[in-house]
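Student: The following block contains the structure, expressed as structure tokens.
The values are calculated or read from the model by the stated rules, or taken from the named source; none is laboratory data. If you're wondering where the values come from, they're calculated on a predicted model, not measured in any experiment. As a convention, Cβ positions derive from the backbone with ideal geometry for all residues, glycine included, and neighbour counts pool all protein chains shown. SASA here: full protein model, heavy atoms, side chains in, ligands and nucleic acids out. Shrake-Rupley method; radii C 1.70, N 1.55, O 1.52, S 1.80 Å.
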Amino acid sequence: MGTKLLSGIISGFACLLLISQAWATPTDTLNLYVSPGGKDSQTGLRPNQAWGTLARAHAAIRNMRRKGEIKGPVKVSVAAGEYYLEKPLLFTHEDSGTEVSPVTYTSYNGRVLIHGGRKIRGWKKSTGNWYSTQLPEVKEGKWKFRQLYINGTLRQRARIPNTGFKIVKGFPDGGEEVHYHTDCQRFEFAKGDLNANWKNLDDVEVIVYHFWTDSHLPIQSIDTTTNIVTFKHKAGKRFTDDFTNKGARYVVENVFEGLDQPGEWYLDRPTGTLYYIPLPGEDMSRVEAVAPVTEKLVAFEGLPQERKLVEYLNFNGLDFMYTNWDLPPGNSNDNQGSASVPASISLTGARHIGFTNCTLRNLGTFAVEISTGCSDNSFTNNELGYIAAGGFRINGGTEADSPLLRTGNNLIRDNRIHHFGEVYPSAVGILLMHTSGNQILHNEISNGWYTGISVGWRWGYQRSISRDNRIEYNHIHTIGQGLLSDMGAIYTLGVSPGTVIRNNLIHDVEANHYGGWGIYNDEGSTHILVENNIVYNTKFAGYNIHFAKEITVRNNIFALGRLEQLSRTRLEPHKSVFFENNIIYWKEGELLSKNWTDKPYQFYLRPIGDKGTQEVTSTFDMDWNLYYNPTQPLDQITFNGKNWQDWRALGKDQHSLYADPLFIDAAQFDFRLQANSPAFGLGFRAIDMSKVGPSKVKP
């Protein structure tokens, strides 16, 4: 045995011996230390004996836990500084704590940055105001990235056009005459919009914005005779903007010839050259340029079917930044909500994992995914911002899977989620798919390009695992921003008994051609309670139903929709909604849009007597509501094309009123009611918005 190897074994044994003797009683907290200036050969027991890496602390705790040497809590104090990762921190069931012996990683003297990127140096002035640097790993094919950050801010890949969009001119694979979900691989472009002679054409990407998705399509060929571009793989939808025959909008990115504006960059992979045009005032000898390297920062990988879970690990006051990911060949990002994009922090088979007071920023993926076999995890008081995809995705096994693979009862509370969908704009702020019993509380969700919160993942009335989710006291605003269609601040799918959407504040929702609703019950939404929400300043309706069953919508304020106030798309042989005790306040647009008609149908009431099945006329109930448009008297208002008297003759709004609700100040969006509001006489209860959004003071 070599002298160095023997010395290392003795040193490691001595280190573990010291650690095992480091507390007085089995339940005392074991304190360990990590510092950028530390060394992994040290004991880790004191700040001046700190380890240099989180991986070293992680390995030491695992070894001690395996030997039964840890009985009480473990606290890993991480000193301020940057900790670079070439691969993610991986926690398995062998790293678990227990209820009486949890492990906590926490910052203790300043900002701790868990860093998945690499700083880029060696900038040299090139042609004009261009700067360039050489990256040998890129040239060797070992590194590729689609994000570049200068002083912590994402910069734009070279693109055409610099602002706005190009428009698809024709549809060789089918337009309005084919189903919107027809896979298409070609479109016709306007003459001169695309160029077959672009440098590194193989790396150029066309991004098409259509319907509710963004399709990312690498170019295979450009025919300038027919003006047809063919892509390496298909998009999952036709190249119309929506259900009309209007051409979709698109941009071209990562095109060398588009490098012409300050703040743009281009990666020439064959030569390994990175080009950048600085913004005014940027000194390339002083800026911090970072490109991401690792795809994931932290992974919790339990084995739920073997009942080997990762448990009782906590992370407090840590910053996580920079991850690198690109769509694999054949994936154009067709899944609704960008659901195929992975996450920088991922949980599988995990329970009692907690992240508190952390920052997740500048990520190339979703921020967090809570996947199969997870429960009782919590993410509280965190900030998630400038994310390529969405904030949180929770998704477990379906009814066809083992119950051990199902996911639920997680807490997402008091988080700020902002500027998400920066690369994949169809991503959702918080996406709940096949999951139940989660609490989504007191979050602020803003500056996204698509839906804020999405609940459920079954299209239609078949069985769904999604149920009993609570969506409460969230502040959702500046959503959609006019880029995509068919979205809402809160969106639901499928049968979801016990799910509650309550006390949320929603405003400034903007879609492209259609959509942009406040609360949107999409296909098959069933047995959901929607109450005490305030929704205002939406492009389309504050409340919208595509098709749904027995939704209870009560005690909400829907105000100031621009084009419509309430909408329902489909007539079905059942009650879609019980709509009562709501206030609808508007100055423009249609009150009841699309299809608020009835048609007789057979309803199975009970298996007794000859009246078990009865003919029923009403497909929705509306009553005890308060309507008011300060610009029009009641005799000028239409209710689905009918005047007030004819509408009530149909059995609708028998006890409802048309009267000023007496808001404190509607012009300033203060929708509190004055004490003498007529709404109170209808049974309306005051809505308390003082608790909406994240807590002002963090614990």
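Student: For segment 370-500, what ratio Rg/Rh do Cα atoms give with a Kirkwood hydrodynamic radius? If you can, show how the numbers build up before the last one.
Tutor: Working: Rg = 13.9 Å, Rh = 14.5 Å.
Rg divided by Rh gives 0.96.
Student: Still on this model: Can you compute the FRET efficiency between Gln439 and Asp688 using 1/(1 + (r/R0)^6), with r the Cβ-Cβ distance and R0 = 22 Å? Round to the nearest 0.05. Before the final figure, lay out the partial values.
Tutor: On the way: r = 18 Å, r/R0 = 0.83.
Taking R0 as 22 Å, the efficiency between Gln439 and Asp688 is 0.75.
Student: If you don't mind, another one. Go from 0 up to the bin containing the longest alpha carbon distance in the chain, width 20 Å each, and give me the % of pairs per bin.
Tutor: 16, 43, 32, 8, 1
Student: What order do Lys71, Lys296 take when sorted by accessible area (1.4 Å probe), most exposed first?
Tutor: My answer, sorted largest first, is Lys71, Lys296.
Student: Kindly express, to the nearest 10 degrees and within the range 0 to 90, the angle between helix 3-20's C-alpha long axis and the longest C-alpha principal axis of the chain.
Tutor: 50 degrees
Student: Continuing with this model, one more query. Would you please calculate the Kirkwood hydrodynamic radius of segment 191-246 over all C-alpha pairs and express it in Å, rounded to one decimal? Let's see the in-between values first.
Tutor: Details: mean 1/r = 0.0816 Å⁻¹.
It is 12.3 Å.
Student: Pull up all non-local amide H partners of Thr359: gap of 5 or more, or a different chain, and H-to-H distance under 5 Å with H placed in the peptide plane.
Tutor: Long-range HN contacts for Thr359: Leu318, Asp319, Phe320, Glu383.
Student: Restricting to DSSP loop positions (anything but H, G, I, E, B) with no more than 11 other Cβ atoms inside 10 Å of their own Cβ, which trypsin sites (Lys or Arg not before Pro) remain in segment 129-182? Don't skip to the end; give the middle numbers.
Tutor: On the way: sites: Lys139, Lys142, Lys144, Arg146, Arg155, Arg157, Arg159, Lys166, Lys169; in loops: Lys142, Lys144, Arg146, Arg155, Lys169.
Passing sites in segment 129-182 are Lys142.
Student: Output needed: percent of Cα pairs per 10 Å distance bin for segment 165-215, bins running from 0 to the one holding the longest distance.
Tutor: It works out to 19, 53, 25, 3, in whole percents.
Student: Out of all Cα-Cα pairs in segment 226-291, roughly what percent, to the nearest whole number, are more than 16 Å apart? Present the calculation step by step, with values, prior to reporting the outcome.
Tutor: Working: 1420 of 2145 pairs.
That fraction is 66 percent.
Student: Ordering Thr230, Thr240 by accessible area with a probe of 1.4 Å, largest first, what comes out?
Tutor: Numbers: Thr230 25, Thr240 0 Å².
Highest to lowest solvent-accessible surface, that is Thr230, Thr240.
Student: With the calculation restricted to Cα positions, what are the radius of gyration and Dmax of segment 615-699 in angstrom?
Tutor: Cα radius of gyration and Dmax of segment 615-699 are 17.0, 57 Å respectively.
Student: Okay, next question. Please express the Cα-Cα pair-distance distribution P(r) of segment 300-344 as a list of whole percents, one per 10 Å bin, running from 0 to the bin with the greatest distance.
Tutor: Cα pair-distance distribution for segment 300-344, in percent: 18, 30, 35, 17.
Student: Give the distance, in whole Å, between the Cα centre of segment 649-699 and the Cα centre of segment 481-502.
Tutor: 22 Å
Student: Within 10 Å of each candidate Cβ there may be at most 16 other Cβ atoms; applying that plus a DSSP loop requirement, which trypsin sites (Lys or Arg not before Pro) in segment 453-545 survive? Can you show the working numbers first?
Tutor: Numbers: sites: Arg458, Arg463, Arg467, Arg470, Arg502, Lys539; in loops: Arg458, Arg463, Lys539.
When the trypsin sites (Lys or Arg not before Pro) of segment 453-545 are filtered for loop state and at most 16 Cβ neighbours within 10 Å, Arg463 remain.
Student: Further, regarding this structure: Applying 1/(1 + (r/R0)^6) with R0 = 35 Å to the Cβ-Cβ distance of Thr617 and Leu662, what FRET efficiency is obtained, to the nearest 0.05? Don't skip to the end; give the middle numbers.
Tutor: Working: r = 35 Å, r/R0 = 1.00.
Computed FRET efficiency for Thr617 and Leu662: 0.50.
Student: Further question: Roughly what % of DSSP beta bridges within segment 530-641 run antiparallel, to the nearest 5?
Tutor: Working: 4 of 29 bridges.
Antiparallel bridges: around 15 percent, rounded to the nearest 5.
Student: Pairs Lys539/Lys575; Lys575/Lys691; Lys587/Lys691; Lys87/Lys144; Lys191/Lys246: which are spaced more than 23 Å apart, C-alpha to C-alpha? Write down the numbers at each step before the final one.
Tutor: Working: Lys539/Lys575 27 Å; Lys575/Lys691 33 Å; Lys587/Lys691 28 Å; Lys87/Lys144 15 Å; Lys191/Lys246 17 Å.
From Lys539/Lys575; Lys575/Lys691; Lys587/Lys691; Lys87/Lys144; Lys191/Lys246, over 23 Å: Lys539/Lys575; Lys575/Lys691; Lys587/Lys691.
Student: Mind checking Rg over Rh on segment 214-348, alpha carbons, Kirkwood formula for Rh?
Tutor: Rounded to two decimals, Rg over Rh is 1.06.
Student: Which GluC sites (Glu not before Pro) in segment 34-98 sit in a loop by DSSP (not H, G, I, E or B) and have at most 12 other Cβ atoms within 10 Å of their own Cβ?
Tutor: On the way: sites: Glu69, Glu82, Glu86, Glu94; in loops: Glu69, Glu86.
In loop regions of segment 34-98 (DSSP not H, G, I, E or B), the sparsely surrounded GluC sites (Glu not before Pro) are Glu86.
Student: Semi-axes, largest first, in whole Å: what does sqrt of 5 times each Cα gyration tensor eigenvalue give for segment 441-553? Spell out each step's value before the answer.
Tutor: Numbers: eigenvalues 88, 47, 25 Å².
Listed largest to smallest, the semi-axes of segment 441-553 are 21, 15, 11 Å.
Student: Compactness ratio of segment 273-411: Cα Rg over 2.2 N^0.38 Å, N = residue count? Could you put the intermediate results ahead of the total?
Tutor: Values: Rg = 17.5 Å, N = 139, 2.2 N^0.38 = 14.3 Å.
Scaled against compact globular proteins, the figure is 1.22.
Student: Given a 1.4 Å probe and every protein chain left where it sits, what share in percent of the accessible area of segment 559-646 is carbon and sulfur?
Tutor: On the way: 2230 of 4590 Å².
In segment 559-646, the share of accessible area belonging to carbon and sulfur is 49 percent.
Student: So, one more: Report the calculated FRET efficiency for Asp376 and Ser695 (r = Cβ-Cβ distance, R0 = 22 Å), to the nearest 0.05. Mind dumping the intermediate values first?
Tutor: Values: r = 21 Å, r/R0 = 0.95.
Result of the calculation: an efficiency of 0.55.
Student: Related question: Treating the angle as unsigned and between 0 and 90°, give the value, to the nearest 10°, between the Cα long axis of helix 54-66 and the longest Cα principal axis of the chain.
Tutor: Tilt of helix 54-66: around 90 degrees.
Student: A further question on this structure: What do you get for Rg/Rh of segment 554-619 when both radii come from the Cα atoms and Rh is the Kirkwood radius? Numbers along the way, then the final one.
Tutor: Numbers: Rg = 15.9 Å, Rh = 14.0 Å.
With Rh from the inverse mean 1/r over Cα pairs, Rg/Rh is 1.13.
Student: Solvent-accessible area of Arg249, probe 1.4 Å, all protein chains present, reported in Å² to the nearest ten, please.
Tutor: Here the residue's solvent-accessible area equals roughly 20 Å².
Student: Moving on to the next point. So how far, in whole Å, is the C-alpha centre of segment 82-118 from the one of segment 231-253?
Tutor: 42 Å
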